[in-house]
Every structure is written in C-alpha cells, then in structure tokens.
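Below you'll find the structure, written out as structure tokens, and then a few comments.
The values are calculated or read from the model by the stated rules, or taken from the named source; none is laboratory data. Bear in mind that the values here come from a model prediction, so they are computed numbers and not experimental data. When we count neighbours, we look across all protein chains shown, and the Cβ atoms used for this are built from the backbone with ideal geometry, even at glycine. Protein only, heavy atoms only, side chains kept; ligands, DNA and RNA dropped before computing areas. Shrake-Rupley method; radii C 1.70, N 1.55, O 1.52, S 1.80 Å.
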Amino acid sequence: MGEGVRLAFANGATVTADAVIGADGVHSVVRDILFGASPVNFTGRIAYRTTYPAALLGGEKIDDCTKWWGEDRHIVIYYVKPDRSEIYLVTSQPEPDFRIESWSAKGDVRQLRKAFVGFHRQVERVLAACPDVHKWAIVDRNSLEHWADRNVTLLGDACHPMTPYMAQGAAMAIEDAAVLSRCLDGVEREGVANAFRRFEATRKERTERIQATSRANTWLSGKTDADWVYGYDAWTAPLAA
C-alpha cells in the first residue's frame, strides 16, 4: 500500500493509483473486495416508471409534482420539461416475488392500471394515456460500519444505497463528492487514509439518517420539516476533526 493501490480490470489492464474511490453503485465490486460480498436486500416492492408525451393526455393538465398515496402503494407524477411537453411517473407497490433489477425490463401497463384503480381521477387519466412502462425491483443495503480501508474508500450508492422514496440517492453522492474534495484538498499521498476517515466521519450520520428515513417511506406524507435535508450545504458543512 505504501507504493499505491494496484487495480486489475476484467479486460486484463492494470494500473497503480495513489488512492481509489469506489463509486460503482449498489452492486459495488470495490465494496465486495474491501468488506466481503453480500446480497442486496430485496424490499418486496417494485416500481413502474416511464416518460411519455403530455400530448397523449389530449390537452388535460396535471398538477405540479405530486405524490399520490394509497394504503400500501404510491405514484409520483410530474412534468419533466420546461415546456411541460413530457410526463414522468414512478410507482412503488408490493410484489414480493419480482426480483429483476433492470433499467430496461418491460412491465405490463394493464397491470399498472389495475394497481391504481380507485385513485384520484388525475392518476387514472395519466395511466390510461400511458403507452408503455418499465418495471424494476426496489433494493437497498444496510449501512456499513466503515467505508474505507487505508487508501481506498467508497462513495455514494457503493456505501449507502437507499430506496428512492426521498429522491436523495444521487444527491447524497453529489454531497459526498463535495465533502470528499474538501477533505482531500492539499493532501499528499501519505495523508489520504486520514482524509478518507475524515470524509466518512463527516458524512456517515447524515447518510444513515436519510437511508432510514427513505426506507420508512413516510417522507412528506404529512407536515414535514425538510430543512435538514434541503438546507444542507456540502461546501460549508463542518468537517469532522
């Protein structure tokens, strides 16, 4: 480790680096190498999602970003372009036996419509106009005790993946990157391990809280103090000692 970290890739290439940051997602290879392989947690829930032209609504308008709640499911619908020409929707609902993680697996739009029968007319209208959907299993992982081993650390979903119910997965990775850059500022190779420990100590409490809050799936279901999430500034937040 004193001479750097040697990386070997599937294509046979090798490289030696002063430091390694594993930002390789919920199925992180770097995580498995550091702390041992473990399966993801299938939550027993699935999500349908799609975008489609708003023109398919035949001139009918929808509310700005709205999360429609049911007893054991929800659907989020909003416009995704400034000119409101395209609609996005994503759901969460129980389906314990579905375990396909894919950005391209197709879902049955007829089953999606059945799942939200009796919801607000706006929901039923958006689903009636929906031509096609994708479907994927919702997974997460428990929080790690540590993120780093000497000059190797994890970042984002590699160390704190979470359910999508707060829409904070990518946001946490961006915050991580900002804080990590501050911890590494001016650091020589021999100080990288300490910088990585400082990064973890600064970020761990916040990411664990957001993981737990997202998993509970009650965020914004009633009056909510959101300042602790949206008021955080990764460029000025105090760094751990």
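Quick notes
- Shape call, region 162-241: gyration tensor on alpha carbons, a/c limit 1.5: prolate
- The share of Cα pairs per 10 Å bin across region 83-198, counted from zero up to the longest distance, runs 11, 29, 25, 17, 13, 5, 0 percent.
- Taking trypsin sites (Lys or Arg not before Pro) across region 112-176, the ones in a DSSP loop with at most 16 further Cβ atoms lying within 10 angstrom of their Cβ are R150.
- Cα-based Kirkwood hydrodynamic radius, region 135-195, one decimal, Å: 13.1
- Per residue, the accessible area of the chain comes to 55 Å² when a 1.4 Å probe rolls over the protein heavy atoms.
- Taking max minus min of the alpha-carbon positions on each principal axis, the chain gives extents of 64, 41, 33 Å, largest first.
- Radius of gyration, Dmax [region 45-104; alpha carbons; angstrom]: 13.3, 39
- In the chain, a dipole from Cβ-located charges (positive for Lys and Arg, negative for Asp and Glu) runs towards its positive end, and of G107, P161, F119 it is F119 whose Cα lies farthest in that direction.
- For K204, neighbours were defined as the other residues whose beta-carbon sits under 13 Å from its Cβ, and their charges (Lys and Arg +1, Asp and Glu -1) total -1.
- Computed on the Cα atoms alone, the convex hull of region 74-135 gives a volume of 98 cubic angstrom per residue.
- Among T207, T218, T91, residue whose mean-square fluctuation peaks in a GNM of the chain (springs only between Cα atoms under 10 Å): T218
- log10 of Debye I(q)/I(0), alpha-carbon scatterers only, for region 34-80 at 0.26 Å⁻¹: -1.11
- Amide H contacts under 5 Å for E101: A137, restricted to partners 5 or more places along the chain or on a different chain, H placed in the peptide plane at 1.01 Å from N.
- Exposed-site-free run, longest, the chain (rule: GluC sites (Glu not before Pro); DSSP loop; at most 14 other C-beta within 10 Å): 4-59
- For region 1-98, Kirkwood radius (reciprocal of mean inverse C-alpha pair distance, Å): 17.9
- Dipole check for region 77-162: with +1 at the C-beta of Lys and Arg, -1 at the C-beta of Asp and Glu, and the Cα centre as origin, the magnitude is about 420 Debye.
- C-alpha center-to-center spacing [region 182-241, region 77-97] in angstrom: 28
- Calculated over region 105-167: convex hull of Cα atoms, volume per residue (Å³): 125
- Largest first, the residues Y230, Y88, Y52, Y165 sort by 1.4 Å accessible area into Y230, Y88, Y165, Y52.
- Its DSSP H runs of at least 4 residues, each contributing -39,500 (n - 2.57), put the calculated 222 nm mean residue ellipticity of the chain at -8500 deg cm²/dmol, to the nearest 500.
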